[in-house]
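One structure is given below, encoded as structure tokens.
The values are calculated or read from the model by the stated rules, or taken from the named source; none is laboratory data. As the structure is a computational prediction, the values presented were derived from the model and not from experiment. Cβ placement follows ideal geometry from the backbone for every residue including glycine, while neighbour counts extend to all protein chains displayed.
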Amino acid sequence: MYRPYLSLLVLAGLLAGCSSLENTRSREKILDDTLKSYAATIRWSDIAQAEAFLEPAYRQAHPLSFTDRGRYRQVQVSYYHEQPPVVISDTEIRQVVEIGLVNVNTQIARSIIDRQTWRYDEAAKAWWLTSGLPDITRRD
């Protein structure tokens, strides 16, 4: 006996699975693009542009001071070595990055470790940096 409603249920289930897989691939693509863009922004020492990657609530709660902006202007990024992102959940990843810095006044080189946390915002279809910009005052 043929049951058309059973076929429709199976088809609906398959389509829902494809949609979920498509959403995961899209989220991964957005993450890959975001991490590449952020890395390029930091490599060029463009802190003003890097602020755009911060989660809006974090950016509002932790605005960069005039002093912080001055500190960022005193260093040039010499390298940005990222480790692969580690998945914490469907909407959160962590990434550890070693950033080489050169003081533009003294030409002294050093490096810092930046522990980044990124969170996916479903409504905005964007990954936001929730751990803040690299702390260049740190001495690792």
- Going by the structure shown, is residue 130 within 20 Å of residue 36 (Cβ to Cβ) and touching a residue at least 60 places away in the same chain (Cβ under 8 Å)? yes
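Look through the stretch 89-131, keep the residues that are hydrophobic (A, V, I, L, M, F, W, C) and not in a strand (DSSP E or B), and return whichever of them is surrounded by the fewest Cβ atoms within 10 Å (Cβ to Cβ). Outline the logic, then answer.
In the first step, residues of the stretch 89-131 are kept if they are hydrophobic (A, V, I, L, M, F, W, C); the result is 93, 96-97, 99, 101-102, 104, 108-109, 112-113, 118, 123-124, 126-129.
Now drop any that are not not in a strand (DSSP E or B), which leaves 104, 108, 123-124.
Details: 104: 11, 108: 9, 123: 5, 124: 10.
Ranking the candidates gives 123 first.
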- Message: For the structure I just gave you, tell me whether residue 86 is within 13 Å of the chain's Cα centre (by Cα) and either of a type outside the set (Ser, Thr, Tyr) or modelled with pLDDT of 95 or more (or both).
- Response: yes
- Message: Going through 95, 107, 74 one at a time, which residue ends up being of a type in the set (S, T, N, Q) and in contact (Cβ under 8 Å) with a residue 60 or more places away in the chain?
- Response: 95
- Please go through the stretch 77-135 and pick out each residue that is over 15 Å from residue 31 (Cα atoms) and basic (Lys, Arg). 110, 115
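Can you name the residue in the stretch 40-80 that is aromatic (Phe, Trp, Tyr) and surrounded by fewer than 14 Cβ atoms within 10 Å (Cβ to Cβ) and is also nearest to residue 99 (Cα to Cα) among such residues?
Going through the qualifying residues, I end up with 79.
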